[in-house]
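J.: Sharing a structure with you now.
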Amino acid sequence: MVHQIIPKNETEYIIANTIDDIENVDAKEAFIKFHADSIYPALEAIVKNSPLDETCKNPISIHLAATKIAEEQINKTASLDLPEGIKQLFQKELSKKEQISLLKGVTISQEQLGTIFLYASDIGYKFSQYRFSDKPKKYIGADLPSFIHLKDDGTIEHYGETSLTDGQMKEIVIVSGFVLARILNNGTHWHCFYQNKNGVSGKESGQYGSKSHIHYISDSFGISLDEIIKGFKGGICPHSKVHIVLND
């Protein structure tokens, strides 16, 4: 996990956590560990300045508390309902045409995306994740700030020293891209849910391309798993017309 603490001012911080690429793990175990590790620094700061007994302030106690909070969060996500069409992906032997038909018009929340991975894990699927990101080549080596945020009104918010102008930082945000792929594999079948910047931003063509969405592809689409993993690692997405809309 990549963990960053970015100062906003003397009393406020932005905590950013990014999960590393992982392969063939138990989704629930991986998610609990990631969330516990993410919660730990904030919990440590709270406990350190509290009137609690010193035995509650040692790293082991704080980690146990963070893990308990993470387990509660993950269990809540696992308990959410899923569209029946998504469940059937993992329950039946389906052709590409049947899978596309089941997913047509399906919408889920961001939380339910996690529910999919936990549901599949419960019935024997292992979880993998691959992430690719890039920025404009002309800014490689530039003194980038620690954090850049392009607001809805088009203005730039940033933290950390930089010689870049607001226009240059805006260009970095607009031009930079990412690919995030999650793969579920039980040794016989695999299913992949992937997203990129244009898809999440609703800037693609197609019936649902103008809405924030993720894509789906599987072994039934006639492409090898090794081939798509190699592509994802290089920032290349396979072709899929399946758009699963993400609600706020």
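J.: When Lys68 is evaluated against the numbered criteria (1) surrounded by fewer than 18 Cβ atoms within 10 Å (Cβ to Cβ); (2) outside any loop (DSSP other than H, G, I, E, B); (3) at pLDDT below 95, which criterion, by number, is the only one it fails?
T.: So the condition that Lys68 fails would be (3).
J.: Against the definition (surrounded by fewer than 17 Cβ atoms within 10 Å (Cβ to Cβ), in the same structural domain as Tyr125 (by TED's automatic domain parsing) and within 16 Å of His215 (Cβ to Cβ)), how does Lys104 come out, yes or no?
T.: The answer is yes for Lys104.
J.: Could you look through the range 218-234, keep only residues that are surrounded by 14 or more Cβ atoms within 10 Å (Cβ to Cβ) and either small (Gly, Ala, Ser) or within 17 Å of the chain's Cα centre (by Cα) (or both), and pick out the one that is nearest to Ser201 (Cα to Cα)?
T.: This residue is Phe232.
J.: Return the residues of the range 83-96 that are touching a Phe, Trp or Tyr at 6+ places or on another chain (Cβ under 9 Å) and crowded, with 17+ Cβ neighbours inside 10 Å; say none if nothing qualifies.
T.: Within the range 83-96, Ile86, Leu89, Phe90 meet the criteria.
J.: Tally time: how many residues in the range 167-188 are under 19 Å from Phe127 (Cα atoms) and either polar (S, T, N, Q) or surrounded by 16 or more Cβ atoms within 10 Å (Cβ to Cβ) (or both)?
T.: 9
J.: Is it the case that the range 199-212 has a residue that's touching a residue at least 40 places away in the same chain (Cβ under 8 Å), touching a strand residue (DSSP E or B) at 6+ places or on another chain (Cβ under 7 Å) and assigned to a strand (DSSP E or B)?
T.: No, every residue in the range 199-212 fails to be touching a residue at least 40 places away in the same chain (Cβ under 8 Å), touching a strand residue (DSSP E or B) at 6+ places or on another chain (Cβ under 7 Å) and assigned to a strand (DSSP E or B).
J.: Just the residues that are under 14 Å from Asp122 (Cβ atoms) and surrounded by 12 or more Cβ atoms within 10 Å (Cβ to Cβ), please, taken from the range 71-82.
T.: If the condition is that a residue be under 14 Å from Asp122 (Cβ atoms) and surrounded by 12 or more Cβ atoms within 10 Å (Cβ to Cβ), then Ile74, Asn75, Thr77, Ala78, Leu80, Leu82 are the ones that fit.
J.: Scan the range 193-217 residue by residue and report those that are at positive phi and surrounded by 15 or more Cβ atoms within 10 Å (Cβ to Cβ).
T.: If the condition is that a residue be at positive phi and surrounded by 15 or more Cβ atoms within 10 Å (Cβ to Cβ), then Gly202 is the only one that fits.
J.: Okay, next question. I need every pair where a residue in the range 80-91 that is farther than 15 Å from Leu184 by Cβ has its Cβ under 7 Å from the Cβ of a residue that is surrounded by 16 or more Cβ atoms within 10 Å (Cβ to Cβ), sequence separation at least 6 or different chains.
T.: From the range 80-91, the pairs are Leu80/Gln112; Leu80/Thr115; Pro83/Val106; Pro83/Ile108; Gly85/Leu102; Gly85/Leu103; Gly85/Val106.
J.: Taking the options Ile14, Ile22, Ile5, name whichever one is outside the structural domain of Phe147 (by TED's automatic domain parsing), at pLDDT 75 or above and at negative phi.
T.: Ile22
J.: Of all residues in the range 117-144, how many are farther than 15 Å from Val175 by Cβ, among the small types (Gly, Ala, Ser) and under 13 Å from the mean Cα position of the chain (by Cα)?
T.: 1
The values are calculated or read from the model by the stated rules, or taken from the named source; none is laboratory data. If you're wondering where the values come from, they're calculated on a predicted model, not measured in any experiment. A quick note on method: Cβ atoms are made from the backbone with ideal geometry, for glycine too, and the neighbour counts reach across all protein chains shown.
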